[in-house]
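In what follows, a structure is listed as structure tokens, so that the remarks can point back to it.
The values are calculated or read from the model by the stated rules, or taken from the named source; none is laboratory data. Keep in mind the model is a prediction, meaning the values are calculated, not measured. Note that each Cβ is placed from the backbone with ideal geometry, even for glycine, and that neighbours are counted across all protein chains shown.
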Amino acid sequence: ALLEAELRRAVDLQQLELHCQPQVARDGRLMGGELLMRWRHAERGFISPAQFIPLAEQTGLIAPLGEWALQQCCAWLSRWTEDPALAPLTLAVNLSALQLRQKGFLGLMQQQLARSGVPAGRLKIELTESALLEDTEAVIGLMAQLRALGLQFSLDDFGTGYSSLAYLKRLPLTQLKIDQSFVRDLLEEPNARAIARAIIQMGDSLGLEVIAEGVETRAQRDLLAEQGCHAFQGWFYGRPMPIADFEALARTWS
Ligand code: G
Ligand code: G
Ligand code: NA
Ligand code: MN
């Protein structure tokens, strides 16, 4: 209850920040980044989204919080359209199931895009499989409408959920994200390697871009690249960082 009150205040006082982690194509090009939320708490220091996102969902705070994240994302993308080094980059935001199913989400998205003048294709929404378990039909319908606007969708943590391959083919996705657990064990475990390879092949066959997360070493990156993986994200290329640092990195990339 204490934490809830503090989270409420944090939203008001803007103690939440979005950090950005680079996403890199196989040819070494910087494609963009994933926005990851951070709460800098005055006494407790940094609190992970793994702790406060569930709380935000239980208390309904996820709505203003998610709206704020989307608005920040669009504001940055809008500013980037003026800069040749930044204009081609995409930004991915994580959305929870509750945010997506929130009444009026499509309208909110349209409004944010119109207001910021950002091309919708620059914006990517990351969903986890659990986000798609409830109201699957309604969520697929909404995703299709958002895709029609030009937005991209990535399925996060792929391989860890209860993913039904039957509806994977029905989801209007543009990207699959290999969960970092498979990447971590890639070099030591033949099974993890086999799973990564299978995900890459399946994604490729479905016409999806496949990105691996949690890439920490060159050896992991090279093995994934050899298996046909299209893109990479992880400490090997950069940790989640404040947006100003990400912009500086992008300007000096290559
Ligand atoms: O960055 P990392 O520990 O710090 O993220 C932990 C988890 O929190 C990840 O599963 C990530 O997808 C989720 N997460 C990070 N930022 C956001 C956000 O802005 N919204 C939602 N819904 N989840 C987020
Ligand atoms: O659930 P989601 O996949 O969005 O969360 C990604 C999480 O992984 C974040 O907590 C992020 O900080 C973390 N992360 C990003 N890159 C790496 C990495 O290379 N290694 C490890 N161990 N964690 C990472
Ligand atoms: Na994510
Ligand atoms: Mn993930």
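Computed values, structure above
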item	result
Pair list, Cβ < 8 Å and 6+ apart or interchain, from segment 147-175 residues that are among the hydroxyl-bearing types (Ser, Thr, Tyr) to residues that are at pLDDT below 85 and more than 13 Å from ligand 3 (Cβ to nearest atom)	162/133; 167/132
Criterion violated by residue 60 - all others in (1) under 20 Å from residue 154 (Cβ atoms); (2) free of Cβ contacts under 8 Å to residues at least 24 places away in the same chain satisfied	(1)
Residue check, residue 175 modelled with pLDDT of 85 or more, of a type in the set (S, T, N, Q), within 16 Å of ligand 4 (Cβ to nearest atom) and buried (at least 21 other Cβ atoms within 10 Å of the Cβ)	yes
Per-region count, segment 144-159, residues under 15 Å from the mean Cα position of the chain (by Cα) and of a type outside the set (D, E, K, R)	6
Condition met for residue 61 (over 16 Å from the mean Cα position of the chain (by Cα) and farther than 30 Å from residue 4 by Cα)	no
Residue among 186, 132, 113, 168 that alone is of a type in the set (A, V, I, L, M) and within 16 Å of ligand 1 (Cβ to nearest atom)	132
Segment 42-71 - residue that is more than 8 Å from ligand 1 (Cβ to nearest atom) and closer than 21 Å to residue 245 by Cα and, of those, surrounded by the most Cβ atoms within 10 Å (Cβ to Cβ)	70
The listed residue being in a helix (DSSP H, G or I) and within 16 Å of ligand 2 (Cβ to nearest atom), out of 99, 72	99
Checking residue 100 against (1) within 16 Å of ligand 3 (Cβ to nearest atom); (2) of a type in the set (A, V, I, L, M); (3) more than 30 Å from residue 162 (Cβ to Cβ), the condition it does not meet	(3)
Looking only at segment 10-22, and only at residues there that are within 16 Å of ligand 1 (Cβ to nearest atom) and part of a helix (DSSP H, G or I), the one that is surrounded by the most Cβ atoms within 10 Å (Cβ to Cβ)	10
Of all residues making up segment 23-41, the number that are surrounded by fewer than 20 Cβ atoms within 10 Å (Cβ to Cβ) and at positive phi	1
Any hit, segment 218-239, residues being more than 15 Å from ligand 4 (Cβ to nearest atom), among the small types (Gly, Ala, Ser), closer than 18 Å to residue 89 by Cα and surrounded by 13 or more Cβ atoms within 10 Å (Cβ to Cβ)	yes
Scope segment 112-136; condition modelled with pLDDT of 90 or more, exposed (fewer than 15 other Cβ atoms within 10 Å of the Cβ) and either part of a helix (DSSP H, G or I) or within 16 Å of ligand 3 (Cβ to nearest atom) (or both); matching residues	114, 115, 121
Subset of segment 182-194 (residues that are touching a residue at least 12 places away in the same chain (Cβ under 8 Å) and loosely packed, with under 15 Cβ neighbours inside 10 Å)	187
Search result, residues across segment 163-201 that are assigned to a loop (DSSP other than H, G, I, E, B), farther than 19 Å from residue 218 by Cβ and away from ligand 3 (no atom under 15 Å from the Cβ)	163, 164, 169, 170, 171, 172
Out of 244, 212, sole residue that is within 16 Å of ligand 3 (Cβ to nearest atom) and closer than 25 Å to residue 20 by Cα	212
